[in-house]
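Structure record follows, encoded as structure tokens.
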Amino acid sequence: MTWTFYLVKNAKFHNGDPVTAEAVKFSFERTLKLKKGPAWMLLNVLDPEGIEVVDDYTIRFHLKKPYAPFAAAVPWWYIMNPNQVMAHEENGDYGQAWLRDHEAGSGPFKIREWKSGEYYWLEAVDDYWKGWPHPDHIGGYIFKLIREAATQKQALLTGEIDIAEGVTPEDFDILAQTPGIYVPEYRGWTTFGIKMNTKKGYTANPMIRKAICYAFDYDALIDIYGGHAILETSPFPTGFKGYVDLSEWMYRQDLDKAKQYMAMAGYPEGGFELEYVYVAGLEEERQIGLVLQSCLAEIGIKVKLVPLIWPEMVARGAKAETAPDLVAVFVTPVMNDPDAVAIQYHPMSEGAYYYMHHYENPRVTALVDKARVTVDWEERAKMYDEIQRIILYDAPEIFGMLYNRRWALREYVQGFKFCPMRMTSEIDMYYLYIDKEKLPPK
Amino acid sequence: MLNYILRRLLLLVLTLLGLSVLTFFIARVAPTDPARLAAGPYATEEMVEQLRKEFGLDKPLVTQYLLYLRGILRGDLGRSLRTRHPVTEDLGRFFPATLELVLFSLGFAVVLGIFLGTLSAVYHDRWIDQFVRLLSISGLGLPPFWLALMLQFLFATIFRLFPVSGRLSFGVTPPTPITHLYLVDSLITGNWRAFVDSLSHIILPAISLSFPALASIIRINRADVLDVLNKEFITSARAKGLPERVVIWKHMLRNALIPTTTMIGLRFGWMLGGTVLVETVFNWPGIGLYGVQSAIYSDFAPIMGVTLLIGFSFCLVNLLVDLLYGVLDPRIRYV
Amino acid sequence: MKRFLVGVAALVVLLPVLAQAYEVIDGKIYVVFGARQPVFTLDPSVHYDWSHRQIFQSVYDALLKSLVILPNLPPGSPNVGKPLPTL
């Protein structure tokens, strides 16, 4: 219910102001009042009045109700300098217009040049209050927009960029073999699943959903990613907090079982068509659709592939009446807490893209609600164990795989540190340093 | 003449009004929820509602349209949900890049197209003609997106003659903005480093963008020159003993230029449309890229802004082209 | 004609500004990060997705920082079916 944080005393903002409890209060209050960005994480549990400045370097949060994921939310609530922000307020906008192109932070980098839509040039703060992990830390970095995967690969090869985040799986393989370039590879927590509409149409019947789960060829997923993925072994990402290994009970391809379930559902010969919706232009999702098509043909279900642009897909999925029968979705949990995954199976997520299955099981709903207000981890873990088993049994989706996260870097860029809590392509640039021996002459 | 221009300008306003109605309502036919997208995947209903209100998306469609029109009169094109910037600000930043690319490509296509077209007419059925024909057929047949990728792969990755993407290298300070076209500004201010750098950046996208136009200009010009070649005034010019160079490049060309000029007006519009693909491949920070990104996110205000701006430029260029006829062909009168 | 061709050839040879790896400006080494997704605002209260978060993480500090670190996968390792250790 109550969290107290003691701030270090040497932290200072880029303009020299100290980072105080007052600044922390301001930053949290601002996000809560603007109701944008990360506000959802705490909106229902924290009021601006609940933030107490105890002294200059002590801040206390009084939550409205117990909320176990609180600590997991805090890393995404960044602290800004109230003096700078409020000095640039226009028409009560809380400095929003000014902050579009300016910063008021205390972090390891500051902005040197900002060209929206082209590049963002950041410069290291040499006397960063936390210090630097390596004496040869990068002097800064240029976040350069290169939207096409093919262009990114070429830019890396020609040395126009030093780090590429988004090339195709095959190209990552090629780059890994290229002298002067290395490709770090890590298990990520982004799951791929095919959500099934549990409220409407044929897939509302759990027997049919199970039949589909048993008909699908899971190994094909790994093949499509060239081996750079693992199959899910629970509805929760493998290795995530609260995850339990359910390998034994996972659906794997078994056409006999699939046919049995079809018979139980009353469709021994199948004889209907389902829609598989995926994001237009995502080649991997299209290939997965082809696999699905040939697998379900075995149990007499026709599959129509429907590519949609992302906004249309989200709009269709927002309501059970219009949500597709089958829809390909990647989800990355944004907080290091099982609640971030569990709520994807709770009706409070109605309207969100990861809730396109519109799954509702009273027991799961109650457990999710209870687990997030339970403080004791042992007790919570038990609830998440049960949640995972029930969801798996109910089969609201084809539980697919987790693909590995990869980047391609020039060899002289060292110090790369991976953290699965970062979002898909994000790198913490603070740890990077230059290996001067590997640096090619200019 | 003045009367004619006024009438055309009035027509332009009406065209844009029609265009705005069409775009406004067609863009909203798609059953998307831009506020929800902009609010982020985990946003609560309350947060989405708040954003809807802030961007006026909670009002009835017709009201939204009327408010939009009122905004235009005040020079306000709304605010982008995606970039959160005023659309006028975004367009102001991205349009010069597109204009530079299109003008450069157009100039490139016209100069090279007329030159090659004339050349292949004069030497028709010789090897030059065959070669130029190959060029023009491939120009009409090759998908621009593919061409752009191929050029990028060959000349940027393999031969490393040009940079892969962007408009200017890092460390190169953009020239002092006067026209906001880097090539022009760097020339005016004598900033050679910026000039060479932006020239090397623009060449590949310009070739990709101008290829279809180049091809059709070559073909039209070749046909026209062949046509004019046998006219009496050419024979008489030759009979006067004028050197062949003067006959071809002065007498013949002026007459062949008229159909090509029409082409330019049309091609300008095509090119503005073509920037969508080329800008994506070369990461050229223009309105084509801005427009396509906005469309993907159902971001209405920028879609409107880009459409109106392209429509406006297209109408304006066609008006200019029509006026240019008179200069090229004194027989044409405006009524 | 010949002069024109020579001119074109000369232009093609002279123009290239050879692409350079990393940037050294004022004695500092800047690395270039190629990204598919733009960043529109430096306001951490307003927006978040991976590209925004990368910039926010660089420019701002928070009360806590996520530091779950997983081991790198050895190159060429068969990745199928090996579960991760539970954290």
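How many partner chain Cβ atoms sit within 10 Å of a residue's Cβ in peptide A:72-78, on average, as a whole number?
Averaged over the peptide's residues, the number is 6.
Ranking request for peptides B:327-333, A:16-22, A:330-336: highest mean number of other beta-carbon atoms within 10 Å first, then the rest in descending order.
In descending order of packing, they fall as A:330-336, A:16-22, B:327-333.
Using the Karplus curve 6.51 cos²θ - 1.76 cosθ + 1.60 with θ = phi - 60°, what ³J(HN,Hα) values do you get for each residue of the range A:175-191, in whole Hz, with x for Gly and Pro?
Here the 3J(HN,Hα) series is 5, 4, 8, 7, x, x, 10, 10, 10, x, 9, 9, 5, x, 10, 8, 9 Hz.
Please work out the C-alpha center-to-center distance from the range A:260-305 to the range B:67-105 and express it in whole Å.
Cα centroid of the range A:260-305 versus Cα centroid of the range B:67-105: 44 Å apart.
How large is the Kirkwood hydrodynamic radius of the protein assembly as shown, in angstrom, based on all distinct alpha carbon pairs?
Values: mean 1/r = 0.0332 Å⁻¹.
Value: 30.1 Å, from the Cα pair sum.
Using a Förster distance of 25 Å, how high is the FRET efficiency between residue B:89 and residue B:67, based on the Cβ-Cβ distance and rounded to 0.05?
Calculated transfer efficiency: 0.85.
Please work out whether chain B counts as rounded, prolate or oblate from its C-alpha gyration tensor, where a ≥ b ≥ c are the square roots of the eigenvalues and a/c under 1.5 means rounded, while otherwise a/b larger than b/c means prolate and anything else oblate?
Verdict is prolate for chain B.
Determine the gain in length on full extension of the stretch residue B:325-residue B:173; use 0.36 nm per residue of separation and subtract their C-alpha separation, reporting nm with one decimal.
Details: separation 152, 0.36 × 152 = 54.72 nm, distance 4.04 nm.
Roughly 50.7 nm would be gained on extension.
Just grab the label-to-label distance for residue A:91 and residue C:37, each label 7 Å out from Cα along the Cβ direction, in nm (one decimal).
3.0
I want to make sure I understand the PRE zone here: with the label point 7 angstrom from the Cα of residue A:297 toward its beta carbon, which residues in the range A:206-224 have backbone N atoms less than 19 Å away?
Output list for this probe position: A:212-221, A:224.
Nearest 20 debye, what's the magnitude of the dipole of the range A:13-123 about its Cα centre given +1 on Lys and Arg Cβ and -1 on Asp and Glu Cβ? Walk me through the numbers before you get to the answer.
On the way: 12 positive and 16 negative charges, 99 e Å.
In total the dipole reaches around 480 debye.
Shielding by partners for B:279-285, please: the mean number of other protein chain Cβ atoms within 10 Å of each residue's Cβ.
4
Return the long-range amide H neighbours of residue A:301 (sequence gap of 5 or more, or a different chain), with a cut-off of under 5 Å between placed amide H atoms.
A:271
Quick one: putting +1 on the C-beta of Lys and Arg, -1 on the C-beta of Asp and Glu, what dipole do you get for chain A around its Cα centre, in Debye to the nearest 20?
Dipole magnitude for chain A comes out near 520 debye.
Counting only residues 5 or more places away or on other chains, whose amide H sits under 5 Å from the amide H of residue C:35 once H atoms are built in the peptide plane?
A:144, A:145, A:146
Choose one of B:239, B:285, B:127: the residue whose Cα lies farthest towards the positive end of the charge dipole of chain B (beta-carbon charges +1 Lys, Arg; -1 Asp, Glu; about the Cα centre).
B:239
If you take every DSSP beta bridge fully contained in the protein assembly as shown, what fraction is antiparallel? Give it as a percent rounded to 5.
The antiparallel proportion sits near 75 percent.
Amide H to amide H, which residues 5 or more places from residue A:13 or on other chains are under 5 Å from it, using H placed in the peptide plane?
Hits under the 5 Å cutoff: A:19.
Which value at 222 nm does the protein assembly as shown reach when only helices count, each DSSP H run of 4 or more adding -39,500 (n - 2.57), with the total divided by all residues and rounded to the nearest 500 deg cm²/dmol?
-14500 deg cm²/dmol
With r defined as the distance between the Cβ atoms of residue B:130 and residue B:196 and R0 fixed at 41 Å, what FRET efficiency is calculated, to the nearest 0.05?
So, using R0 = 41 Å, E works out to roughly 0.70.
What is the sum of charges, Lys and Arg at +1 and Asp and Glu at -1, for the other residues whose Cβ falls under 9 Å from the Cβ of residue A:100?
Every neighbour counted, the sum reads -1.
If packing is taken as the mean number of other Cβ atoms within 10 Å per residue, what is the order of A:305-318, B:289-302, highest first?
Per-residue mean Cβ counts within 10 Å order the peptides as B:289-302, A:305-318.
What FRET efficiency comes out for the pair residue B:333/residue B:59, r = Cβ-Cβ distance, R0 = 41 Å, nearest 0.05?
Efficiency at R0 = 41 Å is approximately 0.25.
Please get the size of the charge dipole for chain B, origin at its Cα centre, with Cβ charges of +1 on Lys and Arg and -1 on Asp and Glu, quoted in debye to the nearest 20. Each step should come with its number before you reach the end.
Numbers: 29 positive and 22 negative charges, 169 e Å.
The dipole of chain B has a size of about 820 debye.
Students often get this wrong: which residues of the range A:374-414 have the backbone nitrogen under 12 Å from the point 7 angstrom along Cα-to-C-beta of residue A:435?
Once the point is set 7 Å along Cα→Cβ of residue A:435, A:409-414 turn out to lie under 12 Å by backbone N, inside the range A:374-414.
Quick check: net charge around residue A:278, other residues with Cβ under 13 Å of its Cβ, Lys/Arg +1 and Asp/Glu -1?
In short, -2.
Compute the distance in nm between two label points, each set 7 Å from the Cα along the Cα-to-Cβ direction, one at residue A:58 and one at residue A:283.
5.9
Quick one: work out the % antiparallel among DSSP beta bridges in chain A, nearest 5.
Beta bridges within chain A, antiparallel portion: roughly 80 percent.
Measuring from centroid to centroid over Cα atoms, what is the spacing of the range A:49-119 and the range A:330-400 in Å?
30
Which distance in nm do the two modelled labels at residue A:363 and residue A:304 give, with both placed 7 Å along the Cα-to-Cβ direction?
Result: 3.6 nm between the two label points.
With only alpha-carbon atoms counted, please give the Rg and Dmax of chain A, in Å.
Computed over the Cα atoms of chain A, radius of gyration and Dmax are 24.3, 73 Å.
Which length gain, in nm to one decimal place, applies between residue B:45 and residue B:74 when the Cα-Cα distance is subtracted from 0.36 nm times their residue separation?
Details: separation 29, 0.36 × 29 = 10.44 nm, distance 3.27 nm.
Working it through step by step, the gained length comes to 7.2 nm.
How shielded is B:154-161 by partner chains, expressed as the average number of their Cβ atoms within 10 Å of its Cβ atoms?
For this peptide, the per-residue mean of nearby foreign Cβ atoms is 5.
Put +1 on the Cβ of every Lys and Arg and -1 on every Asp and Glu Cβ in the protein assembly as shown; which of A:106, A:67, C:47 then has its Cα farthest towards the positive end of the dipole?
Working it through, the farthest residue towards the positive pole turns out to be C:47.
Please arrange B:133, B:238 by counting, for each residue, the other beta carbons lying within 10 Å of its beta carbon, fewest first.
Lowest to highest Cβ neighbour count: B:238, B:133.
Bear in mind that the values in this text are calculations on the coordinates, not laboratory data. Here the structure is a predicted model, which means the values were calculated and not measured. Reconstructed Cβ throughout: ideal geometry from the backbone, glycine too, with neighbour counts over all protein chains shown.
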